[in-house]
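A short write-up of the structure that comes next.
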Amino acid sequence: MSDERLMLAFAQGSSEAFTELFHRYKQPVYGFFCRRIAEPANAEELAQETFFALLRARDHYQPRALFRTYLYAISFKILRAHRRKAAFRATFFGHRNPVWDVSKRDATESGLWVRRAVEKLDPLDREIVMLREFEQLSYAEIADLLELRLNTVRSRLFRARTALRDLLEPAARAAKSVLEHHPAQTASPNAAEASAQKGECA
Amino acid sequence: MNDTSHPVAPEEVMSFLDGELSTDRSQFVSSHIEECFDCGKLRDSLGNTSRAFAHWVVPAPPVAAGVKNLLASSAFVASFKRPSQGGLSLAVSRRRQWALLVVSVVLVVLALWVPNRVARDLPVTEARQARANGGNSESMNGSLDQFANESRGRLQVPRAQSNEIGMRGTQEPSNGWGQNGPLIARTVSLSVVVKDFDAGRASMDAVLARHKGYAASLNVSTPLGAARRLEASLRIPAPKLEAALHELKSLGRVEGESQNGEEVTAEHADLVARIKNDRETEVRLQDILRTRTGKVKDVLDVEQEIARVRGEIEQMEAEQKNLEHRVDFATIDLKLAEEYKAQLGTPAPSVVIQLRNATINGFRTAFGSLLALVLFLAESAPSLMLWLMFAGIPAWSLWRRYRRAQSRSALAGA
């Protein structure tokens, strides 16, 4: 059954439909927040808030777009609210936003060099490329979500990917050389899984 | 890759990889990439970049116990009302809200309209009752009228007696005044609102002429953009006061009325007695002057005394006359106001002038409002920000705590 049909069934009161939707999207939504927020606990909380928002908004749901787009739109709004609160907190209460401290991460983490490259992008370019690569949203959906023109999305996405290519190729070469010279510290194929078992947002 | 000479833009290669091109264009770009070395290289590099993202792995979500419970409890999901039920209850509550709103508006309108209506109808009703009861409906007015009638009735006999006595000699008033009944100087204040001011004024003049009264003072004001007003002090013969008053009341809606009766009997009697004494003194002095002979100085003294007494008599007679006039002619302090109706002004001279005036007024208004806004901000913005900061931050914090507590209680309830 499609996501949209499940959501309609949930809107009619089917708890099983919601359970199914939750199981389908718990990983993507958690990943959405986890890639954008440093603290895994916050990511988990925001993911929960997303599903609570879905619960609350079910009476107003209309299948005008893909459910996936609808869900990510909710997630994006919650993320923006979280960032706004964090900025407010930092401004008035001096609470600093926790940032990704790469030095505290596992050095063998396989995705570290990708994340570092992504961090160097312009914030808007970064958001566009992440929505495309991870959330697999179409250009039109990204344009709707970020309230941009379609051509802007396309050109910024191309620019971001080109920049990433330039950033990733030297890093990949360096990582390859490290692997060749220090086999003991190699990043095992299961490094991502090991990191995942630690419960870290890698 | 040269964009100008190349049939496929680099972004199109990317769109092709992302599946964002139409079928025709996609086939064209695909065939081009197979032939073009640069585009093939770009495709490979973009593909490598996208594949690199696969290394950024996110662990499985540590689903919180609350969410697990939430999913396990179908009752929680079922506790959310079905849309039809929710919609119905919402519709009912909205209907109730609308009904309450309509009832409130009706009540407010009634509360504003009924008192005005009652106040407007009251004078008419009272006038009808007065006509039906022969003018005895108003207690004060009736009692005063009755008292005045009785007074006048009692005065009829003394008048004749007074004429017979011939106490005032050549200055005996035509109506004759005695000392047996009370003398009342009546004063009435009346405030009337008329629909047609000109007709009201004409009616007032007609009332004066009909009852042989006169206007002691009259002041008409016609302010621009407001109702016209007339203030007059009318003197009406006392016996006709009641009829004149009734006619004046019928001119429009009576807004206020007050009546006052001042008894001047003692004052009048005192004056009469003093005049009588002075006249007797004058007669004796004239007898002395006529019968007695003496020094010139004594004669001059007697003449001087006669002149003084004569002056006193004339002064007191004037006072007596004034007093009797106040009794003979009742005073009506009439305030006649017009029901204001906004009048269309005279047509503007021309469209050009109207446009010019409107433009100038518009600029003035815009500048004034802008200046007012700037002044308001300059004056209030610092304190507003200060209070917003003081009040907003705790409110925001409390709201956030409330929302958290709500979520937790929902989880706990599940």
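The values are calculated or read from the model by the stated rules, or taken from the named source; none is laboratory data. On a predicted model such as this, the values are computed, not experimentally measured, just so you know. For neighbour counting, all protein chains shown are included, and Cβ atoms are generated from backbone atoms with ideal geometry for every residue, glycine included.
Structure data summary
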| read-out | value |
| --- | --- |
| Members of the stretch A:5-27 that are more than 9 Å from chain B (Cβ to nearest Cβ), closer than 30 Å to A:VAL114 by Cβ and of a type outside the set (Lys, Arg) | A:LEU21, A:TYR25 |
| Unmet criterion (only one of (1) within 30 Å of B:LYS249 (Cβ to Cβ); (2) at pLDDT below 90) for B:ASP333 | (2) |
| Residue selected from the stretch A:1-57 under the condition out of contact with any Lys or Arg (no Cβ under 8 Å at 6 or more places or on another chain) and among the polar types (S, T, N, Q), by the criterion nearest to A:ARG84 (Cα to Cα) | A:ASN42 |
| Helices (runs of 4 or more DSSP H) contained in the stretch A:1-100 and holding at least 2 residues exposed (fewer than 14 other Cβ atoms within 10 Å of the Cβ) and among the small types (Gly, Ala, Ser) | A:67-92 |
| Filtered residue count, the stretch A:117-158, keeping only those that are over 23 Å from A:GLU169 (Cα atoms), of a type in the set (A, V, I, L, M) and surrounded by fewer than 22 Cβ atoms within 10 Å (Cβ to Cβ) | 6 |
| Near pairs, Cβ below 6 angstrom, 6+ apart or cross-chain, from the stretch B:197-215 (within 18 Å of B:GLY252 (Cβ to Cβ)) to any residue that is part of a loop (DSSP other than H, G, I, E, B) | B:PHE197/B:ARG228; B:GLY200/B:LEU251; B:SER203/B:LEU251 |
| Pairs where the first residue, in the stretch B:367-389, is hydrophobic (A, V, I, L, M, F, W, C) and the second is surrounded by fewer than 10 Cβ atoms within 10 Å (Cβ to Cβ) and at pLDDT below 95, C-beta under 9 Å, 6+ apart | none |
| Of residues in the stretch B:219-239 being surrounded by fewer than 17 Cβ atoms within 10 Å (Cβ to Cβ) and more than 22 Å from the chain's Cα centre (by Cα), the one farthest from B:LEU183 (Cα to Cα) | B:VAL220 |
| Checklist (1) modelled with pLDDT under 90; (2) among the basic types (Lys, Arg); (3) in contact with a helix residue (DSSP H, G or I) (Cβ under 6 Å, 6 or more places away or on another chain) applied to B:ARG274, failing item | (1) |
| Residue that is nearest to B:LEU241 (Cα to Cα), among those in the stretch B:283-329 that are of a type in the set (A, V, I, L, M, F, W, C) and free of Cβ contacts under 8 Å to residues at least 12 places away in the same chain | B:ALA318 |
| Residues (outside any helix (DSSP H, G or I) and farther than 15 Å from B:ASP198 by Cα) located in the stretch B:227-249 | B:SER233, B:LEU234, B:ARG235, B:ILE236, B:PRO237 |
| Qualifying residue in the stretch B:260-268 (condition: part of a helix (DSSP H, G or I) and either polar (S, T, N, Q) or loosely packed, with under 12 Cβ neighbours inside 10 Å (or both)) | yes |
| Flag if B:ARG279 is touching a helix residue (DSSP H, G or I) at 6+ places or on another chain (Cβ under 9 Å), closer than 30 Å to B:TYR340 by Cβ and either of a type in the set (Gly, Ala, Ser) or surrounded by 12 or more Cβ atoms within 10 Å (Cβ to Cβ) (or both) | no |
| Residues of the stretch B:272-301 satisfying the condition of being hydroxyl-bearing (Ser, Thr, Tyr) and closer than 16 Å to B:GLN315 by Cα | B:THR281 |
| Residue satisfying all of: in the stretch B:243-253; touching a residue at least 60 places away in the same chain (Cβ under 8 Å) and surrounded by fewer than 21 Cβ atoms within 10 Å (Cβ to Cβ); nearest to the chain's Cα centre (by Cα) among these | B:ARG253 |
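Quick grid of which residues meet (1) part of a helix (DSSP H, G or I); (2) on the phi < 0 side of the Ramachandran plot; (3) small (Gly, Ala, Ser):
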{"position": "B:ARG279", "(1), (2), (3)": "yes, yes, no"}
{"position": "B:LEU285", "(1), (2), (3)": "yes, yes, no"}
{"position": "B:VAL302", "(1), (2), (3)": "yes, yes, no"}
{"position": "B:ILE306", "(1), (2), (3)": "yes, yes, no"}
{"position": "B:VAL309", "(1), (2), (3)": "yes, yes, no"}
{"position": "B:GLU314", "(1), (2), (3)": "yes, yes, no"}
{"position": "B:ALA318", "(1), (2), (3)": "yes, yes, yes"}
{"position": "B:LEU323", "(1), (2), (3)": "yes, yes, no"}
{"position": "B:ILE332", "(1), (2), (3)": "no, yes, no"}
